[in-house]
Amino acid sequence: MTLYEILKNIYRTNIAIGHAFPRKGKPRSSQGVGKWKKRGVPEDVAILCHVSPDIPYTHEPLGKSKAEYSDLPKVFPPPAEVKS
């Protein structure tokens, strides 16, 4: 099953998919989302679907399962306590 088909099963309409995955703050058009069926889902949407626990999809270039991301080191240290 392709990612477009997975999204279509979850959201039911192209308009709902476009609202769930906006580009530059604006919802994607129904016609634009419909083109994903033939052209493939854009990379930014595929990565968001990979990270989302609600969508059963693994993005192949990322390769890791969602559970494997939990043990990665944090980029920023926790904020220091403020002493007054």
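No value in this document is a laboratory result; all are computed from the given coordinates. Bear in mind that the values here come from a model prediction, so they are computed numbers and not experimental data. Positions of Cβ are generated from backbone atoms using ideal geometry, with glycine treated the same way; all protein chains shown enter the neighbour counts.
Just a few scattered comments:
- Trypsin sites (Lys or Arg not before Pro) lying in DSSP loop within region 1-36, provided at most 16 other Cβ fall within 10 Å: Arg12, Lys24, Lys35
- The stretch between Ile6 and Ile55 holds 16.9 nm of extra length on full extension. This uses 0.36 nm per residue minus the Cα-Cα distance.
- Translational diffusion of region 3-61 was estimated from the Stokes-Einstein equation, with Rh taken as the Kirkwood radius over Cα pairs; at 37 °C and 0.692 mPa s the coefficient is 287 µm²/s.
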